[in-house]
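These notes concern the structure reproduced below.
Every number here is computed from the coordinates shown, using simple stated rules; none is lab data. Please read these numbers as outputs of a predicted model, since none were measured by experiment. No Cβ is skipped: glycine too gets one built from the backbone with ideal geometry, and neighbour counts run over all protein chains shown.
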Amino acid sequence: MPTIENTSVHIKGNDGRVTSGSLQTTHYDHSECVKRALMKLGLFWLLALGSLPIIFAHWILVPGFFIAGPWMAYRTFQAKYTRNHVRGDCPVCQENMEIKMEARDELPKWTYCPRCSNPLQILEIDE
């Protein structure tokens, strides 16, 4: 069963002002990693099967999905955690914001405020 962890982060603006935020991360155990990988493999092989009736494109799509299936399943299996989002106040506009993270994002990360479009840096808190 995946577990969700919230950790504290700093959100830093270009002008040096810093606010606190919360980073949500989902951690997966071994059985969940296997389950997610098998689902990804099944999805890609189902796409390969569904591409068979497409007249000319199936010569590229079927082998592509068939080969991409194990590769994507392996990458999914190797992902022990995913970053979900960061919540906090923007140090520039002082508005509450939520920044979506990509699954493979690492900190420190440069991004933009969704409200005022100013550049922000998300940093781990050194303890």
Single residue of the stretch 11-44 satisfying the filter (within 19 Å of the chain's Cα centre (by Cα) and part of a strand (DSSP E or B)) that is farthest from Lys109 (Cα to Cα)
His27
Does Lys35 satisfy the condition of being surrounded by 12 or more Cβ atoms within 10 Å (Cβ to Cβ), of a type in the set (Lys, Arg), under 21 Å from Thr3 (Cβ atoms) and free of Cβ contacts under 8 Å to residues at least 24 places away in the same chain?
yes
Check Lys40 against each of (1) touching a Ser or Thr at 6+ places or on another chain (Cβ under 7 Å); (2) charged (D, E, K, R); (3) surrounded by fewer than 14 Cβ atoms within 10 Å (Cβ to Cβ) and name the one condition it does not meet.
(3)
Report yes if some residue within the stretch 6-24 is surrounded by 12 or more Cβ atoms within 10 Å (Cβ to Cβ) and acidic (Asp, Glu); otherwise report no.
no
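Based on what the data block shows, is Asp126 loosely packed, with under 12 Cβ neighbours inside 10 Å, touching a residue at least 40 places away in the same chain (Cβ under 8 Å), outside any strand (DSSP E or B) and charged (D, E, K, R)? Lay out the reasoning, then the answer.
Numbers: loosely packed, with under 12 Cβ neighbours inside 10 Å: yes; touching a residue at least 40 places away in the same chain (Cβ under 8 Å): no; outside any strand (DSSP E or B): yes; charged (D, E, K, R): yes.
No, not satisfied.
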